[in-house]
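The values are calculated or read from the model by the stated rules, or taken from the named source; none is laboratory data. Everything numeric here is computed off the predicted structure, so don't read it as measured data. A quick note on method: Cβ atoms are made from the backbone with ideal geometry, for glycine too, and the neighbour counts reach across all protein chains shown. We work out accessible area using only protein heavy atoms, side chains counted, and drop any ligands, DNA or RNA first. Shrake-Rupley method; radii C 1.70, N 1.55, O 1.52, S 1.80 Å.
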Amino acid sequence: MKFSVKTWSKSNGTTARTGVFQLGNCPQIETPALLLSTRKGLPHFISPDLLPSLPLPDSSLLHVSPLHFMEGISSKTISSIGGLHKMLGLHDFGFAAVARDSIQCLPECSATNKIGASFETPCGRLLIKPADYMGLISSLRPNLWATLADEVPAWVSKKRNQTSVDRTVKWLDECIALSPAGGVAFGAIVGGSDIEERRRCAQEVVKRNVSGYWIGGFGFGESTDERPALLSAVIGSLPKDGPRLISGLGLPEEVLQGVAAGIDLFDSTYIYHLTIGGFALTFPLYNKIYVSDLKKTGMGIYQTKINLKATVYRKDATPIVESCCCYTCQNHTKAYINHLLNVHEMLAQILLEIHNTHHYLGFFRSIREAIKEGRFEQFREMFTEKRRNHLAEVAVSA
């Protein structure tokens, strides 16, 4: 793994930065960057032959949950094949393994104990011990993996937060001791909504031999207002030259909040949830005015996204976004995707995931440009203000 910081934001009150990140045979990418959510190593609806239709190299980082392989093909079989890269034939992609995936493998803190972390999975509730987890990592051979963590929601007691940090640090030591040759370890940082515990966990992780930092425990009930202080407590305790990966921040506003705090990599399931709901991203990108027919008809149309299941698109022969150069917008119309959604044809999700991935990677590109030009804070304020104003208008007209 190679990582270096290239640009720091010149805006006051923000520690946003751009950098260059390279993982295994994966081409060099710029940060802040998005890790694409996958199911057993592949995007949920995009097959390997369609991956080249996504923007490269921005789409070459893939998130995978080792817990997905608790069912189906065994980890021993994958190991005998030679790991995920050889099994899937994705030699030029980088895999980042994190136990949590926010779709099917959710932490269940009430059942977690000192032996291991509990997760709700398609196989039921499972208790994953550090040795079990590292066995999966050894078989899958991802380029990057985060250590096992005891993630807790925002409403737990101070004592439970302390226990969470103690267990996470203990499991970190166990995971490092069992770590296979090759692969890059990211130390897990938790602490719930307790600022002091967040800081303590970060300080303990820094003492260990890790190559980067995975910040967990977000997206579990903390408010938008308390998140900056929690992020600041963690980032302030980390060295400036280490890459930082976070889970649980997926909405555009949340990503901007994370970037402002100094996060480099985002593991997000936002694209999946949009796609499965029949939504397409349409918001304007920095230095690009995407023109879309967003008439207020009360049919589920939204400034950030549009609901292509709505009947208003039944005869709409225009692309999702006029200026978008993704495969979907270049070859298909809203009317066609509306038809596919209404007859429950899987091609609808394939086309939507291609567009949404393309658009969201463009959003990250806009963020990087804004940081380089010293205009990140203005970009962030403009984006959130326009979004807030639009939501207010919708509320008034409803």
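Residues of segment 49-64 that are in a loop (DSSP other than H, G, I, E, B), of a type outside the set (Gly, Ala, Ser) and buried (at least 21 other Cβ atoms within 10 Å of the Cβ): Asp58 alone. Among the residues of segment 126-136, is there at least one that is buried (at least 19 other Cβ atoms within 10 Å of the Cβ) and within 28 Å of Gly262 (Cβ to Cβ)? Yes, segment 126-136 has at least one match. Among the residues of segment 315-332, those that are open to solvent by 40 Å² or more (accessible area, probe 1.4 Å) and not aliphatic (A, V, I, L, M) comprise Lys315, Thr318, Glu322, Ser323, Cys325, Tyr327, Gln330, Asn331, His332. Scanning for something over 24 Å from Ile29 (Cβ atoms) and free of Cβ contacts under 8 Å to residues at least 12 places away in the same chain, does segment 78-97 turn up at least one residue? Yes, there is a match, as at least one residue in segment 78-97 is over 24 Å from Ile29 (Cβ atoms) and free of Cβ contacts under 8 Å to residues at least 12 places away in the same chain.
The residue list Leu231, Leu245, Leu238 contains one member that is within 22 Å of Gly13 (Cα to Cα) and in a helix (DSSP H, G or I), which is Leu231. Checked against the criterion of being outside any strand (DSSP E or B), touching an Asp or Glu at 6+ places or on another chain (Cβ under 6 Å) and over 27 Å from Ile29 (Cα atoms), the candidates Ser223, Ser193 yield just one match: Ser193. May I ask you to verify whether Ile46 is modelled with pLDDT of 90 or more, open to solvent by less than 10 Å² (accessible area, probe 1.4 Å), among the hydrophobic types (A, V, I, L, M, F, W, C) and farther than 23 Å from Val190 by Cβ? Yes: the conditions hold for Ile46. Scanning segment 97-111 for residues that are β-branched (Val, Ile, Thr) and under 21 Å from Tyr213 (Cβ atoms) turns up just one, Val98. Note on segment 115-136: residues that are in contact (Cβ under 8 Å) with a residue 24 or more places away in the chain and either over 14 Å from Ala149 (Cβ atoms) or acidic (Asp, Glu) (or both) amount to 7. Filtered by the rule that a residue be hydroxyl-bearing (Ser, Thr, Tyr) and at pLDDT 95 or above, segment 314-333 gives Thr318, Tyr327, Thr328, Thr333. If the condition is being buried (at least 18 other Cβ atoms within 10 Å of the Cβ) and under 16 Å from Ile276 (Cα atoms), then segment 32-41 contributes Leu36, Ser37, Thr38.
Scanning segment 201-230 for residues that are within 19 Å of Phe3 (Cα to Cα) and open to solvent by 10 Å² or more (accessible area, probe 1.4 Å) yields Val206, Arg208, Asn209, Val210, Ser211, Tyr213. Just checking, how many residues over segment 196-230 are over 27 Å from Asn143 (Cα atoms), of a type in the set (A, V, I, L, M) and over 20 Å from the mean Cα position of the chain (by Cα)? Residues in segment 196-230 being over 27 Å from Asn143 (Cα atoms), of a type in the set (A, V, I, L, M) and over 20 Å from the mean Cα position of the chain (by Cα): 1 in total. The number of residues in segment 251-265 being open to solvent by 10 Å² or more (accessible area, probe 1.4 Å), within 18 Å of Phe220 (Cα to Cα) and not charged (D, E, K, R) comes to 2. With respect to the conditions (1) at pLDDT below 95; (2) within 21 Å of Leu36 (Cα to Cα), Ile289 lacks only one, and its number is (2). Take Arg244 and tell me if it is open to solvent by 10 Å² or more (accessible area, probe 1.4 Å), of a type in the set (Lys, Arg) and at pLDDT 95 or above. Here the answer is no, as Arg244 does not meet what is asked.
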